[in-house]
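Here the structure comes first, spelled out in C-alpha cells, and everything after it is commentary.
The numbers here are math on the coordinates, done by the rules we state, and not lab data. Only a predicted model underlies this, so the values are computations on that prediction, with no experimental measurement involved. All Cβ positions, even for glycine, are placed from backbone atoms using ideal geometry, and neighbour counts span all protein chains on display.
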Amino acid sequence: MDKISIPIGPQHPLLKEPLSMMVDISGEKVLGGSLRLGYVHRGIERLAQQRTYVQNIHLIERICGICSHVHTTTYCYAVEALLGIEIPPRAQYIRALMCELERIHSHLLWLGILAKHIGLDTIFMHTWHDREMVLDIMEEVSGGRISHAANQIGGVRFDLDEEKGEMIRKILIKLHSQVEGLLDVIESEPAAIARTKGVAPISPDLIKAYGVVGPIARASGVDVDMRRDASLPPYDQLEVKVITHSDGDAWARTFVRVEETRVSLNLCETIIREMPRGDVVVHAPRRVPEGEVIIRSEAPRGELFYYLRSDGSDKPARLKVRTPTLAALSLLPVQLSEINVADIPVVLAGVDLCIACADR
Amino acid sequence: MDKIKKRFTLLNAVVEAMIKQPETIKYPFAAMELPEGFRGAIVFDPDKCSGCGLCVRDCPAEALHINKKSREEYTLLHYPARCAYCGQCEDSCRHGAISHSNKLVGATTHKDDWVLVFKDSKASQE
Ligand code: SF4
Ligand code: SF4
C-alpha cells in the first residue's frame, strides 16, 4: 500500500500544547514520523540574563504550568549554592512537600489524559476531580493554584501552622482513599490493559542512547530517580521508593506513574509528620559571587537540570535549563513506528508531553 | 472476585456525586470563596509608603513604576493588567505598604483602570 504522510498539529485536539508531527502511514500501520518543535519558545533563558536573581524566580516559575514549583526550587537551590547559604530544614521540607504534591497532581492529570485517549472518560472525570483536591491544598497554603510563588532565595515564603498541617493531612487522607480506588480500577480494568499492553515498547539501550529520564526510563527498567541519586535536601533524609518496571511498553509507563502517585502520597504524609520546627527563611544577599553550579532534581517528568553561572553581579551571566520532556520527545519518532494508527494517542499520552517545558 | 470488587470501588464517588450540590459557582452572581492567603488584587497603604522603590526594583512584570523628583516628591503607579500577582512587591516592601487581598481582578473596559495611582505625594500633601 502507498505511503501517506499526515500532518498532526501544531493545533490538534489530540494535543494540549502546540507540537507539529508528520506521521507516515500505510493503511492502518504507522511507518514513522518526524517532529517540529519551538511553537512556544519564549526565550526564557535569555530573558533570565536580563533580570535580577529575585525577578527570575517568577520568570522561571512560568516555564511550565504543571511543574512550576520544581523549577523554582531547583533554581533557588542553584542560587543558594553559589551564595554558599543553607536554607533552614523546615524550608527544605516545605519545598519537598510542594514538589510531591505537584508530582501527584501532574501524574493524576496525566492519568486523566491517558484515560480520555483510550476512551475511559469516567476515569478522566474522577482523576481530574481528585486532582482538584491537591490544587486546593496548594492554593490554600501558597495563594496560587498554578503559580505558587512558594520559593524565595534563602527559603520559602510561607510557613505551615498546626491548623494548615491538619487541613493538609485531612485532605490527603481523603485523597489517598479515593486515589487508591481509582488506581485499583486502572490496574484491573481490562480495557486499559488491552489498549496499553505491548504498545510501543522501548528497550533500556534506546533509553540510554537518547538520554531519556524519569518515569519513561524507569518503565524500561533504567533505575534513575534524582530524588535518591542527587539527594538534594531533604530527600537525603527521606526514603524514596523508586518504582521500575521491565516491560517498557505503554502499560509499564502507566504502572510506574500510578505507583509513583502512591509513593508520593505516602511521602507527603511522612514529610508533614517529620517536618522539623524552626525558621523558613534566611537572609540572602542580592549580589551573587562569581562561580558556576549544576543542580539536578526530579520533576514529575524526570530529571531537571539547571546550570547557573554568575559574574558577580545581581543578574545571572548564563542560565541553562534542561527539561526532561525534550529527551522524551527525541524518542517519539522512534516510538511512532510499527504501531497502529489507533495507538498514536496512547503513545503520545505515554510520553506525558510538556511542550512548554521543552520549548521554554 | 477481587478484580470484580476493585471495579466497583468508584461506586462510592458516584453516590457522593449524586447527593452533592453542583460544584459550579455562578460567578460573579454568587460569592466565590477564596482562601485567606490568595494572591489577588493589590491593596496599598499610602501612609506607610516611604518611596524607597524596592517594590519597583523587584517587580518581575514591570507592573510598578515610580516617578521620583525628590525624596518626598514622587508618584507610585501600578498597572494591574501587567501584574503577575506574584507577591514579590509584598515581600520586598519593608514598610508593609503593599499587600495582596483575596479579591479577584476582573477584566475592564475603562482605560483609567489600567493605571492605578498608588501614591501621589504632591496630592497627599495638598
Ligand atoms: S504582584 Fe508581582 S507583578 Fe504584581 S506588582 Fe507586585 S511584584 Fe509586580
Ligand atoms: S510600597 Fe514599600 S517598597 Fe514600594 S516604594 Fe513604598 S515603601 Fe518602598
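Observations
- Kirkwood-based Rg to Rh ratio, the range A:307-346, C-alpha trace: 1.39
- Theoretical FRET efficiency, 1/(1+(r/R0)^6), r = Cβ-Cβ of A:L35 and A:E187, R0 30 Å, to 0.05: 0.45
- Counting neighbouring Cβ atoms within 10 Å and putting the fewest first, the residues A:M133, A:M167 line up as A:M167, A:M133.
- The range B:2-125: equivalent-ellipsoid semi-axes (sqrt of 5 x gyration tensor eigenvalues, Cα, Å): 45, 16, 12
- Using a Förster distance of 56 Å, the FRET efficiency for B:S101-A:D205 (Cβ separation, nearest 0.05): 0.50
- Dipole-positive endmost among A:S203, A:I186, A:H176 within the range A:156-211 (Cβ charges, Cα centre): A:S203
- Å³ per residue enclosed by the Cα convex hull of the protein assembly as shown: 174
- Aspartates and glutamates with Cα under 12 Å of B:K68, excluding same-chain neighbours fewer than 8 positions away: B:D120
- Between A:D161 and A:E239, the modelled label-to-label distance comes to 3.5 nm, taking each label 7 Å out from Cα in the direction of the beta carbon.
- Sites A:R286 and B:Y79, calculated FRET efficiency, Cβ-Cβ separation with R0 35 Å, nearest 0.05: 0.90
- Shown here for the range A:253-301: trypsin sites (Lys or Arg not before Pro) in loop regions (DSSP other than H, G, I, E, B) with at most 16 other Cβ atoms within 10 Å, namely A:R277, A:R286, A:R287.
- The charge dipole of chain B, taken about its Cα centre with unit charges on the Cβ of Lys, Arg, Asp and Glu (plus for the first two, minus for the last two), comes to roughly 580 debye.
- Partner shielding of A:146-154 amounts to 2, given as the average count of beta-carbon atoms from other chains within 10 Å of each residue beta-carbon.
- Solvent-free Debye calculation, one equal scatterer per alpha-carbon of the range A:129-219: log10 I(q)/I(0) at 0.19, 0.24, 0.25 Å⁻¹ equals -0.96, -1.11, -1.16.
- Amide H contacts of B:E73 (H built 1.01 Å from N, under 5 Å, at least 5 apart or other chain): none
- Length available on full extension from A:T122 to A:V334: 0.36 nm per residue minus the Cα-Cα distance, which gives 73.2 nm.
- Residue order, fewest to most surrounding Cβ atoms within 10 angstrom, among B:V43, A:V30: B:V43, A:V30
- Most positive-pole-ward Cα, A:I344, A:L135, A:A317, against dipole of chain A from beta carbon charges: A:A317
- Proxy reagent accessibility, fewest Cβ within 10 Å first, across A:D225, A:D314: A:D314, A:D225
- For the range A:249-283 versus the range A:306-324, the gap between their alpha-carbon centres in whole angstrom: 28
- Estimated D of the range A:150-291 in µm² per second, where Rh is the Kirkwood radius over Cα pairs and Stokes-Einstein applies at 4 °C, 1.567 mPa s: 72
- Backbone HN-Hα couplings from phi across the range B:11-22 [Karplus 6.51/-1.76/1.60, Hz, Gly and Pro as x]: 4, 4, 5, 5, 4, 4, 5, 6, 9, 8, 5, x
- Taken residue by residue and averaged, Cβ atoms of other chains lying within 10 Å of the Cβ of B:86-94 number 4.
- For chain B, the residue among B:S92, B:P28, B:F118 whose Cα projects farthest onto the positive side of the dipole built from Cβ charges is B:P28.
- Partners for A:K3 among lysines (Cα-Cα distance below 18 Å; same-chain residues under 8 apart left out): A:K29
- Distance from the range A:84-121 to the range B:49-118 (C-alpha centre basis), Å: 32
- Annotation: extensible slack from A:K197 through A:H12 equals 64.0 nm (criterion: 0.36 nm per residue apart, minus Cα-Cα distance).
- Across chain A, the mean sequence separation of Cα contacts (distance under 8 Å, 6 or more residues apart), normalised by length, yields a relative contact order of 26 percent.
- Here the protein assembly as shown is assigned +1 on the Cβ of each Lys and Arg and -1 on the Cβ of each Asp and Glu. Its dipole about the Cα centre then comes out at about 840 debye.
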